[in-house]
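A short worksheet on the structure shown next.
The values are calculated or read from the model by the stated rules, or taken from the named source; none is laboratory data. Bear in mind that the values here come from a model prediction, so they are computed numbers and not experimental data. Here the Cβ positions follow ideal geometry from the backbone for every residue, glycine too, while neighbour counts run over all protein chains shown.
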Amino acid sequence: MRDQVRVVVQGGGRRGRRAGLAWALWAAAELTVTVGVVVLLLVVHQVWWTNRQAAAAAREQVQELESRWAEDEDEAENPVYGGADLEGGVVAEEPGGGGSPGVPPGGGRTVGRVPREAPERAVGSDAYAVLRVPRLGLVVPVAQGIDKRSVLDKGYAGHYPGTAAPGAPGNFALAGHRNTHGEPFRYVNRLRAGDELIVDVRGQRFVYAVGKTLAQTTERDTGVIAPVPRSLVKPDAGYGEPDAYITLTTCTPEYSSRYRLVVWGTLKSRLPTRSVSGGG
C-alpha cells in the first residue's frame, strides 16, 4: 500500500512541474506581446501622431501670422518685419549689385532696407516668417533658433542664430526635421536647380532659387551655413562669392541623424506682399 501511495505522489510532482513550466511560458508570451504592443504604440505615436500634431500646429501658426500681417499691413509705415527698427539695417541690393556690404560690385539696383538680423522679439517658438516651397507643397513657419523642443519639434523651420536675415546679404540658414514632428524637410532631397524657395515676412516676400545641393556631410560641417556657404568636409561643394543665400539643412538618411543633407539657393527677387496675389 505504501508503494502505491508513493507512486501517486511522484506522479503529482511531475504534473506540478509541467504546470509550472506551462505557466512560465504563458507569462513570458504574455509579457512579450505586451512589450510588443507598447513598442508599437510608441512608434505610432512618434512617427504618426507627433506628425499630425506638429503639422496641424504649424498650419495654425502660419494662419495666425498671415492674419496678423493682414491686420497690420495698412498701419505699418515701413512694412518690413512689422515695424522693426530699420535705422540699424542696411541698404540691400539685388544680388550682384554694388555699394552694399557683403555684396559684390556690379551696379545693382537698390530695392529697400532690410534689418541685419531677425527681430529680437521673434525668439524661440514665436514664428516671424513663412517658408514656402511650391515644388513640395510645403508651407512652414520659421522661428529663431534651432532648439528641438521649442522650435523644431513644433514642426517649424529653425533660423540658425548668427546667420543673415531673410533677403539680407549673407546666408539665411534654416534647419528642419526630416522625419517625425511635422517633418517639414522630409522631401527636400527632391529639390532641383531653379526650384523656388519663398520666404514671406511682414510686408515683404523674398524669392530664392535653388542652386546647389550637398547629399551628405557631417553634423559639424559649419561651413555649409557660413556667410559664403562652402563645405569644410567637401570643399568642392558650395560657393566662392558673397551674395544673398538661403540654406536648408536636415538629417540624412531618413530616420537617422548621422549625417546632414544641405540645399542652397540664391536670392533672385524681393517683392512687397501687397503686389503678391494668392499667397504662393
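A compact table of results
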| item | result |
| --- | --- |
| Hits in region 199-229 (condition: surrounded by fewer than 17 Cβ atoms within 10 Å (Cβ to Cβ) and over 16 Å from F172 (Cβ atoms)) | A215, Q216, T218, E219, R220 |
| Close pairs (6 angstrom Cβ cut-off, 6 or more residues apart or separate chains): at positive phi in region 172-183, assigned to a loop (DSSP other than H, G, I, E, B) anywhere | H181/G155; G182/G155; E183/H177 |
| Close pairs (8 angstrom Cβ cut-off, 6 or more residues apart or separate chains): in contact (Cβ under 8 Å) with a residue 60 or more places away in the chain in region 213-227, of a type in the set (A, V, I, L, M, F, W, C) and crowded, with 20+ Cβ neighbours inside 10 Å anywhere | I225/A173; P227/A164 |
| Subset of region 236-257 [modelled with pLDDT of 95 or more, in contact with a helix residue (DSSP H, G or I) (Cβ under 9 Å, 6 or more places away or on another chain) and in a loop (DSSP other than H, G, I, E, B)] | A237 |
| Candidates R260, R270, filtered to the one that is assigned to a strand (DSSP E or B), modelled with pLDDT under 95 and either within 18 Å of the chain's Cα centre (by Cα) or not acidic (D, E) (or both) | R270 |
| Test for A244: is it under 30 Å from W69 (Cα atoms) and of a type in the set (G, A, S) | yes |
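Residues are listed down the side, and each one gets a yes or a no for (1) without any contact (Cβ under 8 Å) to a residue 60 or more places away in the chain; (2) closer than 17 Å to A175 by Cβ; (3) surrounded by fewer than 24 Cβ atoms within 10 Å (Cβ to Cβ):
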residue	(1), (2), (3)
P235	yes, no, yes
T249	no, yes, no
E254	no, yes, yes
V263	no, yes, no
K268	no, no, yes
P272	no, no, yes
